[in-house]
Every structure is written in C-alpha cells, then in structure tokens.
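See structure below.
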Ligand SMILES: Nc1ncnc2c1ncn2[C@@H]1O[C@H](COP(=O)(O)OP(=O)(O)OP(=O)(O)O)[C@@H](O)[C@H]1O
C-alpha cells in the first residue's frame, strides 16, 4: 500500500484479520504466550519483533545474532538483558537478542515510555508486529501499523466473550423473529422491501457480534473451547438463512451469485440501524424500490425448511412456478408432475404450506416497527 488510494474498508478488514491471526499466535497455550507470561511474572519487561529479514536488520543496532529455538524459557532468559528480541517470521526461532532498535524518530506516536514509542515506530516502519511487555505495568501490548492492541488476560477475555455470547443469543432470537414474520407475510403475499431489509439487518448485526466472538475464541486459545461450543450452537442455520434469503429476493436482473448480503459489511453501526440504508446496500433500495414497495419471495427458504428436497429439485420447482405465491396456489398433482418431486413430496409441500398458512394468525410486526 505504498501508492494509490488504499480502500479504507479493505485495509481495515485486512488489519482486523491480521490482528485476529496474531492474537491466536499470542493466545494462552502457545510458546510465545508462555514466554510473555514468564516475562510479565519476572517483571523485567520485553520488546519482541515478530519477523526478521532485511527490513528489520535496517533498524537493528548492536545486540547478539542468534539462531535458537523459540521456547518460553529462552524468551524469558534473553529478555533479562537490556534491548529487545527478534523472532523469525515463522515464529519458531529467536534470531537476535539485546538488540537496540533505531526506527525513524519522525514517525508519529502517542506513546510515552521509550520501549513503547520504539515498538510503535518499529511496527509502522517495518510493517512487522511488535509485542511489548511493560515492566512497570505488567501489561502486554501488540503494536501493528500504528495501532496498539492490549493482549488481555484470559479472565478478562472470558468475561467479554461471555457478554458477547449473550448479545449473540439475543440477536439470534431477533433474527429468528424477523424471519418468522417474513414467512407470515410471504404466505399472505404482503412482503415489502422493508420486511426483507429487516431480516438482512438482523443477519448483519448477528454476523458482526459473531465475528467478535470468533476473535475472542482465537485470543483465548486453549481456554476458548467452551466459548467456541456456545458460538457453534448460536450459529446453527444462520449462514443458511442468509444464503436462502439472497436466493429468495435476488432481483431478476441480477445473476445468481452476484447478489449478497456482504454489501452490509461496509455500513457503520449507525447506518445499519436505518432500513433504508440496508435496502440500498443490498440493492433492494434505490428509486424503483422504496421501502414500502411490494416484493415477492421465490420460495427457496420455505421449500428448504419444509422438505428434504435437493437444491436442484427446489430450483426446478421455482423455475416452474416463478414465486412462492404461485406455489401456494399450486395443486398437489401440478407439484407432483415436476421432475424429482413425486406424489409423496408434493403432499408434503402442500401440507407444509397449509400449516404455515393456518398458523399464521400473527399480528403484523410491521406496524409496531
Ligand atoms: N530503542 C530501544 N531498543 C530496544 N530496547 C529499548 C529501546 N528503548 C527502550 N528499550 C527497553 O525498554 C526499557 C525501559 O524503557 P522505558 O521504561 O523508557 O520504557 P516504557 O515504554 O516506559 O516501558 P515500561 O512500561 O516497561 O517501563 C529499556 O531499559 C530497554 O531495555
């Protein structure tokens, strides 16, 4: 990213992904983390560059070149000396110790202590991640491209992970409610763009918290197993719902695979709360589709929920009937004539549609929103 205009969203995503990866490397149970914990307990402090090569050599002065296996003991012993460590890019070896780093002093930093200022500038200049253990504060930080991230203790991470899990559970409930509301409206042929946008909005809110939870799982390492299990439970069926929703509401003018909910990822939290922005971000908005304009589902979601038909047969049914509304008024024999359906499944589909229809005496959510 040395020239041109970097896309801020892409670079933010790349940085977030890199941080997640690094936090996994620094998670409890890994040799580097064990070494860092020993340095914290020894109260000597440490400055560790995670990467080697010519770019790093340029900012190193003095110290001892080494090539020893990275172990927690070696990290601790070598950090007792003044200066910092250089770790190989594969994080397997310690390449130098007691190094004095001399990054460009003009690079901006808000840090105050010399160790932290050096780490911040070192990372900005080389692009390598740099870890600092503060001797005075017993705190570990990761510096990456001008930003500082706290490497939290497992108990702090667990507390935040549990909060995030509770939020994820409530977002999932709301998502399911909105999807059920949409089902009811689909059967009555009363869907408006806002109803689809409401499900998409809830899907994206769920996805964001899920990404946060996954970040905690990586950072917790061995201690993140229970959080992971709960996360798996709360994600069951959600990805499928997102995929089927896009198949149900992809505009005819857009080819399959080119319509997705991923446009929502670019919205700020504030913008995401406005259904108009949501509809626009997934191309259901704009002038020809104001929020209250009518829209019809093709029927992917309903057919997938109701039957065990293959996606190819479902596609055949949808190609035949065009949308869910025509499917609702189809007879059993008309359904049964479609290749791959047969009489038994045709009956299943009819019964499924009827039971949704009968159970649908819910009040309209739309008016309460
Ligand atoms: N340029 C540098 N290269 C390598 N090590 C450095 C450099 N600058 C500082 N250090 C290390 O940091 C140690 C402490 O520095 P200082 O107390 O100013 O930093 P700090 O950022 O306040 O960190 P701490 O919270 O650990 O005190 C030094 O004794 C030295 O070992």
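Here are some notes:
- Flag if residue 46 is closer than 22 Å to residue 146 by Cβ and near the ligand (Cβ under 9 Å from one of its atoms): yes
- The residues of the stretch 287-320 that are out of contact with any helix residue (DSSP H, G or I) (no Cβ under 6 Å at 6 or more places or on another chain), in contact (Cβ under 8 Å) with a residue 24 or more places away in the chain and farther than 20 Å from residue 354 by Cα, listed by number, are 290, 292, 294, 310, 312, 313, 316.
- Counting only residues that are modelled with pLDDT under 95 and buried (at least 17 other Cβ atoms within 10 Å of the Cβ), the stretch 146-156 holds 2 of them.
- Qualifying positions in the stretch 194-213 - surrounded by fewer than 18 Cβ atoms within 10 Å (Cβ to Cβ) and either touching a helix residue (DSSP H, G or I) at 6+ places or on another chain (Cβ under 7 Å) or not assigned by the TED database to the domain that holds residue 265 (or both): 212
- Verdict on residue 55 being farther than 17 Å from residue 33 by Cβ and outside any helix (DSSP H, G or I): no
- Screening residue 137 against (1) out of contact with any strand residue (DSSP E or B) (no Cβ under 9 Å at 6 or more places or on another chain); (2) within 16 Å of the ligand (Cβ to nearest atom); (3) touching a residue at least 24 places away in the same chain (Cβ under 8 Å) leaves a single unmet condition, (3).
Per-residue answers, yes or no, for (1) within 16 Å of the ligand (Cβ to nearest atom); (2) closer than 25 Å to residue 38 by Cα; (3) buried (at least 17 other Cβ atoms within 10 Å of the Cβ):
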{"site": "143", "(1), (2), (3)": "yes, yes, yes"}
{"site": "163", "(1), (2), (3)": "no, no, no"}
{"site": "173", "(1), (2), (3)": "no, no, no"}
{"site": "182", "(1), (2), (3)": "no, no, yes"}
{"site": "188", "(1), (2), (3)": "no, no, no"}
{"site": "191", "(1), (2), (3)": "no, no, yes"}
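- Hits in the stretch 84-118 - residues which are more than 7 Å from the ligand (Cβ to nearest atom), under 16 Å from residue 44 (Cβ atoms) and out of contact with any helix residue (DSSP H, G or I) (no Cβ under 7 Å at 6 or more places or on another chain): 98
- Residue match in the stretch 74-82 (condition: free of Cβ contacts under 8 Å to residues at least 12 places away in the same chain, more than 13 Å from the ligand (Cβ to nearest atom) and within 23 Å of residue 138 (Cβ to Cβ)): yes
- Odd one out for residue 65 among (1) surrounded by 12 or more Cβ atoms within 10 Å (Cβ to Cβ); (2) away from the ligand (no atom under 15 Å from the Cβ); (3) free of Cβ contacts under 8 Å to residues at least 40 places away in the same chain; (4) within 24 Å of residue 114 (Cβ to Cβ): (1)
- Check on residue 130, surrounded by 18 or more Cβ atoms within 10 Å (Cβ to Cβ) and within 16 Å of the ligand (Cβ to nearest atom): yes
The values are calculated or read from the model by the stated rules, or taken from the named source; none is laboratory data. Just so it is clear, the model here is predicted, and its values are computed rather than measured. Cβ: placed from backbone, ideal geometry, glycine included. Neighbour counts: every protein chain shown.
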